[in-house]
Amino acid sequence: MESEANQLENSINKKDPVLSLSNLTYIYPNKKTALDNISFDVFPGEKIAIVGPNGAGKTTLFLHLNYTFKSKGHIKVAGKDISEYKNADRVKEIGIMFADPDNQLFMPTVFDDVAFGPLNLGLSEDETKKRVEEAMAMTGIADLRDRVPHHLSFGQKKKVVLASIVALRPKILVLDEPTANLDPKSKRDVLAIIDKLNKEGITTIVATHDVNLLSELADRVIVLNERIIETGTPREIFSNIKLLQENNLEAPEVFKLFQLLSCIGFDCEELPLNFEESVDEILKQIESGEGHIHLHSHEETHEHIHQLKKNYGNGKH
């Protein structure tokens, strides 16, 4: 049976990449290597997540995508080298939201911040207003239009930055830690916006430490730690304990819980990665078990549980 990774690779190879990185290398002035020979392609409509420990090079990589950093290697956007784009044309291809929204907000009102990009593209006032209204409606900030951006909450600021990027209508949306430091409702709001944009055809690339949301943000995961360590589906990445341990990564709590349940007789064909998948799996097992779920302990149960705890750094040595 074809693996998830092979199925994904076969489907994306039928398209031309919207973004190609080849042999990208960046060394800081202090001689520390941030990126070491990075090469990968991103295809239209993909949902990519880039994960790695602190200092792995994720933000440095994104600073190359907006041409702030320039170094060895090549970046092609829609088949054209990024160095050949004018600034106004590049932002129509790639929109980037960095982790701290305060670095991207500088106008007196929310409306002005969202309108800044379209106006600088030379769009008419009517077209700009139309784009701003649409972007604010999509991100749920229409009621903030006359507010001062720096007086908003952190989550509201992130939505304003997202709206300002959406108003440019880029083909690729790049987000650095989009849900970090947000309350649960704001997280869900931002996730819903990203999902909606992707379903409308925008390719999304997200860097995140929040592994519990990863299956919602990505079909393909790239593990970065100065160089590309591994690529695969979320399930394949989280199933590789050695990979997680060596790169200071965690698996989602739901995934770990169902690994524990498998030690006591709750066997899944595929371990759930999120809450919705776990609900579906539990209901399926109840229905197949005539209204019951049968759990049991056997001779090796405690050994399996101990190994599981050890895998995730909680076992006693």
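The values are calculated or read from the model by the stated rules, or taken from the named source; none is laboratory data. Note that the structure is a prediction, hence the values are computed from the model and not measured. Note that each Cβ is placed from the backbone with ideal geometry, even for glycine, and that neighbours are counted across all protein chains shown. To get the accessible areas, we keep the full protein, side chains included, count just its heavy atoms, and leave off ligands, DNA and RNA. Shrake-Rupley method; radii C 1.70, N 1.55, O 1.52, S 1.80 Å.
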With T = 20 °C, eta = 1.002 mPa s and Kirkwood Rh from C-alpha pairs, the Stokes-Einstein D of the chain in µm²/s is about 100 µm²/s
With T = 4 °C, eta = 1.567 mPa s and Kirkwood Rh from C-alpha pairs, the Stokes-Einstein D of the stretch 185-317 in µm²/s is about 78 µm²/s
For the chain, modelled as a GNM with alpha-carbon contacts under 10 angstrom, which of Asp280, Asp219, Asp81 fluctuates the most? Asp280
Among Leu173, Leu243, Leu214, the residue with the largest mean-square fluctuation in a Gaussian network model of the chain built from Cα contacts under 10 Å is Leu243
Using a 1.4 Å probe on the protein heavy atoms, what percent of the accessible area of the chain belongs to carbon and sulfur? 50 percent
Over the stretch 50-144, calculate the relative contact order: mean separation of alpha carbon pairs under 8 Å at least 6 apart, over the residue count, as a percent. 16 percent
Calculated FRET efficiency, His292 and Glu253, Cβ-Cβ r, R0 25 Å, to nearest 0.05? 0.50
Under 10 Å, Cα contacts only: if you run a Gaussian network model on the chain, which one of Ala207, Ala180, Ala137 comes out with the highest mean-square fluctuation? Ala137
Cα centre as origin, Lys/Arg/Asp/Glu Cβ charges: the chain dipole, Debye: 1360 debye
Take the Cα coordinates of the stretch 84-149, assign each an equal point scatterer, and use the Debye formula without solvent to give log10 I(q)/I(0) at q = 0.15, 0.25, 0.29 Å⁻¹. -0.51, -1.28, -1.38
Note the full-extension length gain between Gln245 and Lys80 as 0.36 nm times their separation in residues minus their Cα-Cα distance, in nm to one decimal. 55.6 nm
Specify whether the C-alpha gyration tensor of the stretch 137-185 places it in the rounded, prolate or oblate class, a ≥ b ≥ c being the square roots of the eigenvalues: rounded for a/c under 1.5, otherwise prolate if a/b is larger than b/c and oblate if not. oblate
Could you sort out which of Lys58/Lys256; Lys15/Lys171; Lys58/Lys129; Lys31/Lys92 sit more than 23 Å apart by Cα distance in this structure? Lys58/Lys256; Lys58/Lys129; Lys31/Lys92
Heavy-atom accessible area per residue of the chain, all protein chains kept, 1.4 Å probe, expressed in Å², is 52 Å²
222 nm [θ] for the chain, helices only, -39500 (n - 2.57) per DSSP H run of 4+, per residue, to 500? -12000 deg cm²/dmol
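Kyte-Doolittle mean at least 0.0 and Cα extent at least 24 Å along the axis: which DSSP H helices of the chain qualify? Walk me through the numbers before you get to the answer.
On the way: long enough: none.
Long hydrophobic helices here: none detected.
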Put one equal scatterer on each alpha carbon of the stretch 140-263, apply the Debye formula with no solvent term, and list log10 I(q)/I(0) at q = 0.13, 0.19 1/Å to two decimals. -0.62, -1.11
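Given an 8 Å cut-off on Cα distances and at least 6 residues of separation, report the relative contact order of the stretch 162-281 as a percent.
18 percent
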For Ile229, residues with placed amide H under 5 Å, excluding near neighbours: Val223, Leu224
Using the beta-carbon distance between Ser262 and Phe154 and R0 = 41 Å, what value does 1/(1 + (r/R0)^6) give for FRET efficiency, to the nearest 0.05? 0.60
